[in-house]
Structures are given as structure tokens and as C-alpha cells.
Amino acid sequence: MYIAITEIIFFIIIMSAILFYVAIKIFYKKNSNIIPVEYLQSMNYLLSEQHDKALDTFMSMASVSQDNAETHIILGNLFRNRGEVDRAIRIHQNLIARPELTLAIRQQCLTELAKDYLKAGFLDRAELIFAKLSKEVLNPIPVLHYLKEIYELEKEWQKAIEVSLKIQSQDNEDLSDTISHYYCELAEMEISIRSINDVAKAKKNINKAISYNKKSLRALILLGDISYQNNNYIDSIKQYVNLYENYPEQSYLVIDKIKVAYENLSTKENFYDFLKSFSKKRNSLDLYSSLNKDQSSIIELKEISEMYQREFESNRVNLIQLSEYVDLIEANKIAFDNQSLSNIQKCLKVYSEKESAHKCENCGFASIKHFWQCPSCQSWSSIRKEISNKNKSKHYVI
């Protein structure tokens, strides 16, 4: 109840300010000193908390000039920002229907109406208006950005590529990484179909993605995925291992893929051989914890204990690995002594002060899951895995 009253008061204050601004503007205008009666009636309805009548009266004005057209637009935008998109659409549609508007005002109204449709989820209507405006307005860059956003929502990646290229050519804005992601999206769609022709198309799109961003981790992972799908497991392993070595911070994205590829090899070489080659490298425990129970039995107990000890001393043991460590103690594979107890206590203390998450470098969006595009600000390649101090509560999206 308190929130509703606060919103009504805020709405009345904003509307009163708008109407007062218009009244003063008209009052000081050289050719007129008469305040339109519709404005006064709208003010009266607003003070009486009759918002719909205020809106109807405001829209019933006999004529709209360039001066008060701005007020209509502001009022419509206010409704849209408050989530009352239906009212915003009514205002902007009513304004566009006025024949006395100048071309510039009409284009501005069309832009706001398209934004109303976008907010309401009517993507097809918003797309039609923005597509038309992009060919008519003097500065199409803002309109093209809205089109780009719509194509992303519709997953029309080819159209998104075309619009992004237009923005680059007209505004000198570097969208290479974004375009690279669009080609990766196309490649993923074609890989999912699993036909020979579509895999070939996917590879072409991946190569285009790399041409726009030579360091595209996503595109390089997809090259490994194509090799795996073509049953070329050795080549896929080479691709994934190369990524594991060169992108240590994102190595967790390929470790499971390496494991699955090794499981499909019909040779003596196995996943454990790969693990041993990285036993002295950073986050080696991530690799060992990926072993299933059957494979882990081939590792000497002393080696397991030493490996865990190194990681504990470096504070690199996560909670899942700590749970596996406790399981090993329970199975008598690691001694339960003062050292192992100290390791557990130290690890729990670290995680009582810190937390691991994926975070957007652009807007701060936090998530347990990795995304190539931030669900909050829509930025590409901005999600990074990090460990931060737990100095305040956070809400994560899973």
C-alpha cells in the first residue's frame, strides 16, 4: 500500500512538472498567451488520481505544435519507463496520427513508438519501424543499434552481422568480437543439425569468426567440437589441449571435452597420461578431479596425497575437490592425521571469506554458469570466472 501511494505521488509530481513546463513555455511565447484548457483539465484529473481520464484529455488536444509535441513524447516515455507500455503506445500512436507534425518530430515519435514495442516484446513491429527509419533519418546509428538488439533477441544472426557491419562502416565502432560471436552462433546451430553439409558450413562460419577475432576462445573450441563430431578424436584433443595451455583461466571450459575425447580413443593412451603431463602446472587438481572412479584407481596413493598437499598449500582446492578429499580419507586412501585435518580447516576458512563465481566485467552481473553473452547488459565476451571477497550478499543466476 505504501509503495502504491509513493508511486502515485511520484507520478503526480512528474506530470505536474511537465504540464507546468508546457504552461510556462506557452505563456512566454510571443504569439500566444493562452494556456490550452486540455492541460488544465489533465492537471485536475491527475490531482484527483484519475490517470486514464488525464491521459484521454491530454490526447484530445485539437492541435499539436512542435512545442507541445515534445511534452507528448516525454509523457509517453514516462509511461514506458514505469512499465505502462500500453499507455505509452497510445500516446505515441496518437501523436504520429497528427498531420501537422514536422518530419523530424514524426521520426522522433516513430523511434519512441518502436521502443515501446520493443519494451512490450512486439519485436516484429519494432523491427519494421526501425528498419524503415534506418534508411530515412540523418543519423541512423542509434536506430541500427536497436535493430542489432532485436536481431540478437530473435537469433537472426545473419541480419545481426549485416547491421553490425553497417555500424562499423558508418561510426568507426569496433564490433569485431561481437561479429565473431554471431558467426559462432551460426556455427553452433549448424553443428547441432549434424549433417555433413551443415558441418562444412559450420567450419566456414568458424573461420569467419576467427577472421574477425583471431583469439576467439569460443571459435577455437568449436573447431575442436567439429573434429570430435567427425570422429577425429586425436585432432579434437590437440585443439582442446592447445586451449588448455594458452587460456588457463578458461581451461575449465574444455577439460570435460578432453576427457570425453580420450574415452573414445581406442589406444593405450588415456586421460590419465594427459593428466600426468600437467601434474606440475597450475590447477592440476582440476584435471585429476575429472577422473572417474575406475581411472583414479590407477594412480598411486602417495601421488594423490602429494598432489592434494601442493594444491592445499597454494589455496587452489575448491569445495568439490575438498569433498573428494574427504571421500579419500574415508576410504583410507589418505591418512586422517593432523596434516589432513589442518588442510580441511584451512580450506573451509578460505571459502568462508571468499566465493567463486562468473562475473560480467561490464555491468557486474554474477552467475554460477558461464555465458558467452551477458544476460544483463548483453555484452559479449565479458563474463569471467573470479574469486572475490564475500563482503556482501549476492544473488546469483543459475
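Just so it is clear, none of the values below were taken in a lab; they were calculated from the coordinates. As the structure is a prediction and not an experimental result, all values here were calculated from the model. Cβ: placed from backbone, ideal geometry, glycine included. Neighbour counts: every protein chain shown.
Approximating the spin labels as points 7 Å out from Cα along Cα→Cβ, the Leu301-to-Ser379 distance works out to 5.0 nm. The stretch between Lys204 and Leu138 holds 20.2 nm of extra length on full extension. This uses 0.36 nm per residue minus the Cα-Cα distance. For the peptides 334-340, 214-220, 192-198, 138-144, the ranking by mean Cβ contacts within 10 Å, running from highest to lowest, is 214-220, 138-144, 334-340, 192-198. For Gln170 and Asn338, the FRET efficiency from 1/(1 + (r/R0)^6), where r spans their Cβ atoms and R0 equals 51 Å, is about 0.15.
Here segment 188-210 is scanned for amide nitrogen atoms under 15 Å from the site 7 Å beyond the Cα of Ile234 along Cα-to-Cβ, giving none. Extension gain, Asn362 to Leu103: 0.36 nm times the residue separation minus the Cα-Cα distance gives 89.5 nm. Taking the inverse of the mean 1/r over every pair of distinct Cα atoms in segment 165-228 gives a Kirkwood hydrodynamic radius of 11.9 Å. Annotation for Asn270 and Trp372: the two label points, set 7 Å from Cα along the Cα-Cβ direction, are 3.4 nm apart.
Mean separation of Cα pairs under 8 Å and 6 or more residues apart, divided by the residue count, gives segment 121-211 a relative contact order of 20 percent.
Which of the pairs Lys215/Lys238; Lys201/Lys259; Lys119/Lys369; Lys333/Lys369 have their Cα atoms more than 22 Å apart in this structure?
Lys201/Lys259; Lys119/Lys369; Lys333/Lys369
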